[in-house]
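First the structure, in the form of structure tokens, and then the observations on it.
The values are calculated or read from the model by the stated rules, or taken from the named source; none is laboratory data. The shown structure was predicted, so the numbers you read here are calculated from the model rather than taken from an experiment. For neighbour counting, all protein chains shown are included, and Cβ atoms are generated from backbone atoms with ideal geometry for every residue, glycine included.
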Ligand SMILES: CC(C)(COP(=O)(O)OP(=O)(O)OC[C@H]1O[C@@H](n2cnc3c(N)ncnc32)[C@H](O)[C@@H]1OP(=O)(O)O)[C@@H](O)C(=O)NCCC(=O)NCCSC(=O)Cc1ccccc1
């Protein structure tokens with residue numbers, strides 16, 4: 001852990017003047033930057049959320065990645081390749097953002113592999129057909145957009161700036177998913193059934209991506225006070241439902257919720273309650289694919305050891321050469 005960013009001594013490690021400056025910066029909607037003083041709880045919360053987010057992008061490469069070799073055409077293969085590569089890129093920006101808070105990337109990876117840090121529950125469900133690739137783009141990237149567009153205004157500068165580029169790419173991801181499904185819906189009866197089946201399986205897990213309901217979300221109040229989060233879990237879930245219902249109608253699929261209907265008075269859709277016990281089970285490691293996802297990540301990490309060693313040796317050689325040049 002890099003100690004250059006740790007807080008000076010005092011209450012919560014703070015001189016009152018630094019604490020006041022931090023609070024005033026948040027109140028003015030300005031950004032906290034890596035070299036600014038910040039309360040230890042703020043730093044810890046950010047490392048937790050950003051690391052979970054980075055892990056989600058990296059583990060999130062697996063469910064769709066399984067279909068790269070089985071994509072039905074060269075065009076679909078190229079699109080899917082590009083999307084999965086983008087997800088790797090998102091993970092890397094986010095690990096870099098966590099490093100600005102003093103976190104160590106190798107340590108974060110260890111924590112993920114050992115199950116000591118979380119990643120999004122959604123990536124613990126299997127992708128059973130190519131329609132799942134389309135539904136992940138439509139639902140999962142759609143949910144990611146709802147959740148992440150407000151994070152572009154998050155109070156921590158490096159996180160907010162990473163989100164701007166990530167959101168642009170998520171938008172392309174969502175459209176490719178929807179376009180894939182549109183194509184399948186214009187196809188055969190079997191293809192339309194594949195789309196409906198994928199919608200039925202991914203709808204509820206997608207709603208769970210937004211986290212537990214507000215009254216069972218221990219982190220929300222403080223994260224919102226610090227303006228790390230800008231909206232509550234339930235607000236964003238509602239936004240996702242309202243955005244997705246007309247898209248489902250246009251596509252010609254049914255969302256698997258008998259309680260789903262427009263509420264004129266609220267100006268929003270009412271919808272059923274996700275199975276929160278299922279969310280808790282999946283978060284705790286007992287989802288359909290948790291063991292497989294973590295094991296795959298561990299193997300990839302071990303198999304990549306030679307690349308890290310080679311990069312370190314190369315960097316050391318470059319540094320030695322540069323030093324020799326400076327002396328001569
Ligand atoms: C909203 C929330 C996820 C959770 O709110 P918070 O205030 O932080 O927590 P809260 O008190 O409400 O919860 C209590 C505990 O439960 C945990 N937990 C909750 N929900 C989940 C869950 N669903 N899965 C697993 N764990 C969950 C939570 O961490 C906390 O645990 P802790 O106290 O740490 O032990 C927030 O962290 C956030 O906005 N993160 C940034 C966005 C982000 O990470 N996105 C990832 C998807 S990226 C993507 O999809 C792109 C893509 C698309 C396609 C293909 C590939 C890639």
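Listing for the model above:
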read-out	value
Residues that are within 18 Å of residue 280 (Cα to Cα), surrounded by 20 or more Cβ atoms within 10 Å (Cβ to Cβ) and near the ligand (Cβ under 9 Å from one of its atoms), drawn from region 108-137	119, 120, 121, 122, 123, 124
Residue among 231, 314 that alone is out of contact with any strand residue (DSSP E or B) (no Cβ under 9 Å at 6 or more places or on another chain) and part of a loop (DSSP other than H, G, I, E, B)	231
Residue match in region 176-185 (condition: assigned to a helix (DSSP H, G or I) and within 12 Å of the ligand (Cβ to nearest atom))	yes
Inter-residue pairs, beta-carbon under 8 Å, first within 15 Å of residue 60 (Cα to Cα) and in contact (Cβ under 8 Å) with a residue 24 or more places away in the chain and in region 75-102, second away from the ligand (no atom under 15 Å from the Cβ) and outside any helix (DSSP H, G or I), 6+ apart	80/71
Any chance residue 140 is within 9 Å of the ligand (Cβ to nearest atom) and buried (at least 24 other Cβ atoms within 10 Å of the Cβ)	yes
Residue list for region 146-166, restricted to those being without any contact (Cβ under 8 Å) to a residue 60 or more places away in the chain and surrounded by 20 or more Cβ atoms within 10 Å (Cβ to Cβ)	148, 163
Which listed residue, of 68, 79, is within 14 Å of the ligand (Cβ to nearest atom), modelled with pLDDT of 95 or more and farther than 21 Å from residue 144 by Cα	68
Test: residue 266 is under 19 Å from the mean Cα position of the chain (by Cα) and more than 10 Å from the ligand (Cβ to nearest atom)	no
Of all residues making up region 203-225, the number that are away from the ligand (no atom under 11 Å from the Cβ) and either at pLDDT below 95 or surrounded by 14 or more Cβ atoms within 10 Å (Cβ to Cβ) (or both)	2
Filter result for the condition that a residue is in contact with a strand residue (DSSP E or B) (Cβ under 9 Å, 6 or more places away or on another chain) and closer than 22 Å to residue 239 by Cβ, over 206, 155, 171	155
So residue 101, is it more than 10 Å from the ligand (Cβ to nearest atom), crowded, with 20+ Cβ neighbours inside 10 Å and over 20 Å from residue 129 (Cα atoms)	yes
Hits in region 270-301 (condition: buried (at least 18 other Cβ atoms within 10 Å of the Cβ) and away from the ligand (no atom under 14 Å from the Cβ))	271
Any hit, region 19-26, residues being under 21 Å from the mean Cα position of the chain (by Cα) and at pLDDT 95 or above	no
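Residue by residue, here is whether (1) more than 22 Å from residue 28 (Cβ to Cβ); (2) more than 20 Å from the chain's Cα centre (by Cα); (3) part of a helix (DSSP H, G or I); (4) without any contact (Cβ under 8 Å) to a residue 12 or more places away in the chain holds:
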site	(1), (2), (3), (4)
191	yes, yes, yes, no
203	yes, no, yes, no
212	yes, no, no, no
215	yes, yes, yes, yes
223	no, no, yes, no
